[in-house]
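The numbers here are math on the coordinates, done by the rules we state, and not lab data. The shown structure was predicted, so the numbers you read here are calculated from the model rather than taken from an experiment. Neighbour counts run over all protein chains shown; Cβ positions are idealised from the backbone, glycine included.
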Amino acid sequence: MEIKEWIKGFFKGTFGDILFGDLERETKEREEILLTLLLLHFAGLENPLYFYLLEVLPYLKIDENFMRRIIAKEELLPVLFSRYEGWA
Amino acid sequence: MRIYAVGGKGGVGKTTVACFLSLLLAKKGKTLIISTDLAHSIKDFFSIKESSQEFRISESFIGYEPDAREGLRKYISGIEEKTRRNFSPIVFEDFKPFLNFSSKDPSNYDLILYEKLKEKVIKGDYQFIVVDTAATGQVLKFLSLPQRLLIWYGLLLKWRKKYVALREKIKGKQEDELLSMAEKKKKEAEEAKKKLGEMEFIWVFEPGTLSIKESLRAMEEMKGRVKLRALVANRFSGENRLVETVVKRGRNLFGEVNLIKIPSFEEEPFPGTTQGEQFKDYLKNLT
């Protein structure tokens, strides 16, 4: 059993992350984009959708590194701002 | 199911018209009267002492005065409860004050009232629903919300489907709760759009300058968005040039529109009184 786990881990580490790394990143980004939209409202930007975004909240999984990642991704905010303009 | 909405400027007699109309309709089939005003007065009208939001007025006649404040509080605390499980405690603690704030935001009341109305329209087994409204703007909001929600849930579904497809490649097939929630809500919005689109509007006004001006403005706004079933000139006495203006404009904008003239009564028309019976008789054409 242990050997099986070890082999599984070995292959994930050597090949899996290389193969799926981009996919994983995109998946995570897509989840976080929804929460960012929501947080923008709480940051003071009127968001006409925010009441309905609230109902999405329970379905998103967020850890404490979330804000750090958002801040680190400087290019994400301009993208969201430009989208927001279309909604206003 | 037929849905009537009664609207007009404050104090023109919307509630009186809505209540007497519902009384007439209740003789024909199961009827619900729902007040979407924050200051409800249906219970006062029927002298009902019960404190529950939903109350029985007669055998086939139900009244509903949804409490928007309490509804919003419950809605947000439901979200808070579910969110607590999925968020890290640190993020959740930071986020909680914002949720508390949202639960007291009056701009959300109309949205809660829409949800309550939608629930009754979709799930209720009523033959007639009469909506005693707060303002013209509110009705137009109720009518345009389903379309806006269709766009929103469509967008959400598109995003989420992409996300689920990506996740499937990494982790294999998994049930996605958000996806099924959005699908369910989209279906509800479709149904609400269809049913609320058939809403028949009854506009109440009195022959005073302010009420007339508001009527003219409101009719312009309502054109193409709602069916105007009748104009009710309340507290009407003798020929009145102003009333003619409203009727003319109404017929210009909506085609054939009924005009119902109701005189002012010496005593207030309440159910069970002679004045009440007289008032009810004027509305017979509407049913």
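Using only atoms on other chains, find how many Cβ atoms lie within 10 Å of each Cβ of peptide B:159-167 and report the average. It would help to have the intermediate numbers written out before the result.
Working: counts 4, 5, 0, 3, 8, 2, 2, 11, 7.
Across the residues of B:159-167, the mean count of other-chain Cβ atoms within 10 Å is 5.
When only C-alpha pairs under 8 Å and at least 6 residues apart count, what is the relative contact order of chain B, in percent?
On the way: 400 pairs, mean separation 72.7, N = 287.
In percent, rounded to a whole number, it is 25.
Roughly how many whole Å is it from the C-alpha centroid of segment B:144-162 to that of segment B:203-235?
Cα centroid of segment B:144-162 versus Cα centroid of segment B:203-235: 33 Å apart.
Local charge sum around B:Tyr4 (other residues, Cβ-Cβ under 12 Å, Lys/Arg +1, Asp/Glu -1)? Display every interim value, and only then the final one.
Working: positive: B:Arg2, B:Lys14, B:Lys227, B:Arg229; negative: B:Asp132, B:Glu198, B:Glu200.
Every neighbour counted, the sum reads +1.
With viscosity set to 1.002 mPa s and temperature to 20 °C, compute the Stokes-Einstein D of the protein assembly as shown, Rh being the Kirkwood radius across alpha carbon pairs; µm²/s, no decimals.
Numbers: Rh = 23.9 Å.
Diffusion coefficient, whole number: 90 µm²/s.
Given H placed 1.01 Å from N in the peptide plane, which residues other than close sequence neighbours of A:Ile62 have an amide H under 5 Å from its amide H?
HN-HN under 5 Å from A:Ile62: B:Phe87, B:Ser88.
Just how many % of Cα pairs in segment B:104-246 lie over 26 Å apart, if you round to the nearest whole percent? Please list the in-between numbers first.
Values: 4430 of 10153 pairs.
Here the tail beyond 26 Å accounts for 44 percent of pairs.
Quickly rank B:161-169, A:50-58 as a protection proxy: mean count of other C-beta atoms within 10 Å, highest first.
Values: B:161-169: 15.7, A:50-58: 18.8.
Highest-to-lowest ranking by the protection proxy: A:50-58, B:161-169.
As a check on your grasp of the helix formula, calculate [θ] at 222 nm for chain B: sum -39500 (n - 2.57) over DSSP H runs of n ≥ 4, divide by the residue count, round to the nearest 500.
Working: 10 runs with 159 residues, N = 287.
Mean residue ellipticity, 222 nm, calculated: -18500 deg cm²/dmol.
Packing-wise, with mean Cβ within 10 Å as the measure, how do B:132-143, B:92-103, B:13-24 rank, highest first?
The packing order, highest mean first, is B:13-24, B:132-143, B:92-103.
Could you tell me what a quarter of the Cα convex hull surface of chain B works out to, in nm² with one decimal place? Write down the numbers at each step before the final one.
Working: hull surface 72.5 nm².
Average projection, Cα convex hull of chain B: 18.1 nm².
Of B:Arg241, B:Arg148, B:Arg73, which is the most mobile in a GNM of chain B whose springs link Cα atoms less than 10 angstrom apart?
B:Arg241
Rounded, prolate or oblate: pick one for segment B:186-287, where a ≥ b ≥ c are the square roots of the eigenvalues of its C-alpha gyration tensor, a/c under 1.5 means rounded, and failing that, prolate if a/b is larger than b/c, else oblate. Please list the in-between numbers first.
Values: a/c = 2.48, a/b = 1.38, b/c = 1.79.
Oblate, because a/c is 1.5 or more while a/b does not exceed b/c.
For the pairs A:Lys28/B:Lys158; B:Lys123/B:Lys223; B:Lys14/B:Lys213, note any where the Cα-Cα span goes beyond 19 Å. Spell out each step's value before the answer.
On the way: A:Lys28/B:Lys158 16 Å; B:Lys123/B:Lys223 29 Å; B:Lys14/B:Lys213 17 Å.
Pairs exceeding the cut-off: B:Lys123/B:Lys223.
What does the charge count near B:Phe201 come to, summing +1 for each Lys or Arg and -1 for each Asp or Glu among other residues with Cβ under 10 Å from its Cβ?
Numbers: positive: B:Arg225, B:Lys227, B:Arg229; negative: B:Glu200.
Around B:Phe201, the charge tally is +2.
Would you tally the net charge around B:Ile260, using a Cβ to Cβ cut-off of less than 13 Å, leaving B:Ile260 out, and scoring K and R as +1, D and E as -1? Mind showing how you got there, number by number?
Working: positive: B:Arg229, B:Arg235, B:Lys261, B:Lys280, B:Lys284; negative: B:Glu206, B:Asp281.
Once all neighbours under 13 Å are counted, the net charge is +3.
Applying 1/(1 + (r/R0)^6) with R0 = 22 Å to the Cβ-Cβ distance of B:Lys74 and B:Ile122, what FRET efficiency is obtained, to the nearest 0.05?
Details: r = 19 Å, r/R0 = 0.87.
Result of the calculation: an efficiency of 0.70.
Can you list the residues, at least 5 places off or on another chain, whose amide H is less than 5 Å from the amide H of B:Ala5, using H built in the peptide plane?
B:Val131, B:Glu200, B:Phe201, B:Ile202
Along Cα→Cβ, 7 Å out, is where each label goes; now give me the distance between the ones at B:Glu267 and B:Lys227 in nm to one decimal.
3.8 nm
Just counting partner chain Cβ atoms within 10 Å, what average do the residues of peptide B:143-149 show around their Cβ? Present the calculation step by step, with values, prior to reporting the outcome.
Working: counts 0, 0, 1, 0, 0, 3, 2.
That works out to 1 on average.
Could you tell me the distance between the Cα centroids of segment B:2-57 and segment B:163-200, to the nearest Å?
Their Cα centres are 34 Å away from one another.
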